[in-house]
Amino acid sequence: EYARMYEGKLILRFDDTNPLNEKLEFYNAIKEGLEWLGIVPDLIKNTSDDIKILHSYGRKMVIKEDAYVCTCKSDEIHSMRAKGVDCPCRTLDSNDQMERLEKFFDGSFEQNEAIIRFRGNMSDLNTAMRDPTLFRIIDADHPKLGRSIRVFPTYDFAAPVEDSLDGVTHAMRTKEYELRNALYFSVLKSLCLRQPKLLEFSRLEFEGMPVSKRKLKPLVQDGLVSGWD
């Protein structure tokens, strides 16, 4: 409605960067729902379409030392983030980081062995800035890419880059992302990309009707409803 009101364009982008949570039927169900509502996007795309571009930007951030490859265990990462303690991987010299970076993308690391993290501030009162994950390795079939890709960006990395590349002027996100706005703009600043305007709105709920995929999936899987339609 805002796009029409201001004679703008509406982009339908499928944020499909976690193959563990994606199925072809999800893309189709969303398209069918929008068509039923009479909504016609000006552009339809998938984040996975730009996976190689996102990889190149991820590499750039590590080379600029605005991100680093971390090999700590997940429980250690959680503990250090909670305590505001710097990860030892932050202090590795550039040669070690470049070696890790190549291994990260060439398949040398297994799933959960390494991640790429934003170089933030581990003592920041905004915990979203305590070196969050930007890329992880996921060994799973992707509905669009198959097994050709193992390295996938998180929403924290993909969203700002895709918004900037797609020409988004105004990105509207629900309130739970508000603390992550600082990270959104930090990623764009590091990559010297155009910064959209961010606006927050309250999460939409319907009484007696779940809208979260997390709540809907078991209804379909357990046969309580006939399907995603």
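The values are calculated or read from the model by the stated rules, or taken from the named source; none is laboratory data. All values derive from a computational prediction rather than experimental measurement. Cβ placement follows ideal geometry from the backbone for every residue including glycine, while neighbour counts extend to all protein chains displayed. The protein model used for the area step is the full one, side chains on, heavy atoms only, and it has no ligands, DNA or RNA in it. Shrake-Rupley method; radii C 1.70, N 1.55, O 1.52, S 1.80 Å.
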Exercise. Is there a residue in segment 78-91 that is of a type in the set (S, T, N, Q), loosely packed, with under 12 Cβ neighbours inside 10 Å and over 24 Å from L198 (Cα atoms)?
Worked result: yes
Exercise. When only residues in segment 137-160 that are touching a strand residue (DSSP E or B) at 6+ places or on another chain (Cβ under 7 Å) and open to solvent by 50 Å² or more (accessible area, probe 1.4 Å) count, which is modelled with the highest pLDDT?
Worked result: R150
Problem set entry | Condition check for C72: out of contact with any strand residue (DSSP E or B) (no Cβ under 7 Å at 6 or more places or on another chain) and surrounded by 13 or more Cβ atoms within 10 Å (Cβ to Cβ) | yes
For this session: Pairs only if they're at least six apart or on different chains, beta carbon under 9 angstrom, first in segment 213-229 and closer than 17 Å to D16 by Cα and in contact (Cβ under 8 Å) with a residue 24 or more places away in the chain, second open to solvent by less than 50 Å² (accessible area, probe 1.4 Å) and among the aromatic types (F, W, Y); list them, first residue then second.
Result: K213/F26
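Yes/no matrix, rows are residues, columns are (1) in contact with a strand residue (DSSP E or B) (Cβ under 6 Å, 6 or more places away or on another chain); (2) at pLDDT 90 or above:
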| site | (1), (2) |
| --- | --- |
| G167 | no, yes |
| A171 | yes, yes |
| A182 | no, yes |
| L191 | no, yes |
| P196 | yes, yes |
| L199 | yes, yes |
| S202 | no, yes |
| S212 | no, no |
| K217 | no, no |
Exercise. Within segment 174-229, how many residues are loosely packed, with under 10 Cβ neighbours inside 10 Å, part of a loop (DSSP other than H, G, I, E, B) and of a type in the set (A, V, I, L, M)?
Worked result: 2
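When segment 104-118 is examined, which residues are found to be assigned to a loop (DSSP other than H, G, I, E, B), touching a residue at least 40 places away in the same chain (Cβ under 8 Å) and out of contact with any Phe, Trp or Tyr (no Cβ under 6 Å at 6 or more places or on another chain)?
Step one: list which residues in segment 104-118 are assigned to a loop (DSSP other than H, G, I, E, B), which gives 107-114.
After this cut, where a residue has to be touching a residue at least 40 places away in the same chain (Cβ under 8 Å) as well, the list is 107, 113-114.
Residues satisfying the conditions are G107, E113.
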For this session: Those residues that are open to solvent by 50 Å² or more (accessible area, probe 1.4 Å) and assigned to a loop (DSSP other than H, G, I, E, B), I need them from segment 12-65; list them, please.
Result: D15, K23, L37, G38, I39, V40, D42, K64, E65
Exercise. Do you know which residues across segment 29-86 are in contact with a Leu (Cβ under 9 Å, 6 or more places away or on another chain), under 20 Å from V168 (Cα atoms) and touching a residue at least 40 places away in the same chain (Cβ under 8 Å)?
Worked result: L43, K45, T47, S48, D50, I51, I53, Y57
